[in-house]
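Novice: Just dropping this structure here.
A short reminder: the numbers here are calculations on the coordinates, not readings from a lab. Computed from a predicted structure; not experimentally measured. Backbone-built Cβ (ideal geometry, glycine too); neighbour counts: all protein chains shown.
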Amino acid sequence: MTAYWVSLYREITDETKLAAYAELAGPALEAAGGTFVVRGMPTQVYEAGELTRTVIIRFDSVEAAVAAHDGAAYQEALAALDGGAVRDLRIVPGVD
């Protein structure tokens, strides 16, 4: 069953750190089997939606997504982020 990694950026506190993170995180997550589905700002929000950066990455399974997060390459990206953003990150199973 597929899984989706969903990141909502509640606040970006340091654009330089975010850029350093993105340079490492994208390749690390793709190498771990992730496929970026959404990456950017919403064009419209409803209800309690917020106009914040949103990233959705598809993985083959929850286990693959968790392994990508916990892997050395992504941990290096997190170290580069170093508080440069406040995010809500969740891994959600698909419905297929």
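Novice: Run lengths n ≥ 4 of DSSP H only: what is the helix-derived mean residue ellipticity at 222 nm for the chain, with -39500 (n - 2.57) per run over all residues, to the nearest 500?
Specialist: Dividing the helical sum by the residues of the chain leaves -11500 deg cm²/dmol.
Novice: Hey, another quick one. Which of the three applies to the stretch 19-68, rounded, prolate or oblate, going by the alpha-carbon gyration tensor with a ≥ b ≥ c and a/c under 1.5 meaning rounded?
Specialist: Cα axes put the stretch 19-68 in the oblate bin.
Novice: About the Cα centre of the chain, how large is the charge dipole given +1 on each Lys and Arg Cβ and -1 on each Asp and Glu Cβ? Please answer in debye to the nearest 20.
Specialist: It comes to approximately 140 debye.
Novice: Going by average Cβ neighbours within 10 Å, how do the peptides 69-80, 21-32 rank, with the highest at the top?
Specialist: Top to bottom by mean Cβ count within 10 Å: 21-32, 69-80.
Novice: Within the chain, which complete DSSP H helices have Cα atoms spanning at least 30 Å along the helix axis and a mean Kyte-Doolittle hydropathy of -1.0 or higher?
Specialist: Sorted by number, there is nothing, because no helix extends far enough and scores high enough.
Novice: Among Ala73, Thr16, Leu51, whose Cα lies farthest out toward the positive end of the dipole of the stretch 3-93, if unit charges sit on the beta carbon of Lys, Arg (+1) and Asp, Glu (-1)?
Specialist: The Cα lying farthest towards the positive end belongs to Leu51.
Novice: How would you classify the stretch 49-96 from its alpha-carbon gyration tensor, with a ≥ b ≥ c the square roots of the eigenvalues: rounded for a/c under 1.5, else prolate if a/b is greater than b/c, otherwise oblate?
Specialist: Cα axes put the stretch 49-96 in the oblate bin.
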